[in-house]
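No value in this document is a laboratory result; all are computed from the given coordinates. Keep in mind that this is a model prediction, so the values were computed, not measured.
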Amino acid sequence: MADLPIDFGDGLAERLARVLDVEAKIPRTLEALGPVGGRDVLLLDGADGIRARQLAELGARVSFATADGPAGIDAPDDSADVVVSLWSPFRGTGAAETEEVARVLRPGGRLLVVLDYGRDDVSHLHGDLPEYGLLSRRDGPFLNGGFKVRVVHCFWTFASQDEADAFLEEGFGDVGRDVAGSMKRPRLSYNVAVYHRTFGGAA
């Protein structure tokens, strides 16, 4: 799910990709926190989709790797300047994952972990997720583990209310219909957390 925060089938996934963060705030934030332009960027559990293209448009040299907890990251030592985890189960917070990130990154490399932050319209579609509580707390695994966080205020922006109604009902059933009925304009607020940390060297 490195492109999108929700594991939809192809049809709905394509439609979500068109409406999620049309202002491109997420890639601009990755550039600000990386930076990624002109650097070797390893995208975890990803594919050559919209997020990879956005990184490439910023000048990143993008490669891909799987990140399986016990097996680690399928990438060579010292092979990346930036590791990006977009809605991946790999968080880089436990001892084993931290060692793997440190192995793959060059000195001074950056780990950027993108997750939902909650406290927005979209969170009403999901129900309660760990991202909305423990992960963002000061005593949670990120902020208590050397990470900082930047919250990016994005939107799911639909062309019309009819498009929003159809998408939300198809994707989320009764909950989506209720959320659509509460909308005053065809967009949903969507807060994204980018947890970031430098490994082995100056920031």
Open item on the list: Under the rule a/c < 1.5 gives rounded, and otherwise a/b versus b/c splits prolate from oblate, where does the chain land using the Cα gyration tensor?
Closed with: prolate
TODO: Would you calculate, for the chain, the mean residue ellipticity at 222 nm contributed by helices, counting each DSSP H stretch of 4 or more residues as -39,500 (n - 2.57) and dividing by all residues, to the nearest 500?
DONE: -9000 deg cm²/dmol
- [ ] Enumerate the calculated ³J(HN,Hα) couplings along the range 60-67 in order (Karplus 6.51 cos²θ - 1.76 cosθ + 1.60, θ = phi - 60°), each rounded to whole Hz, writing x wherever the residue is Gly or Pro.
- [x] 6, 9, 8, 10, 10, 8, 7, 10
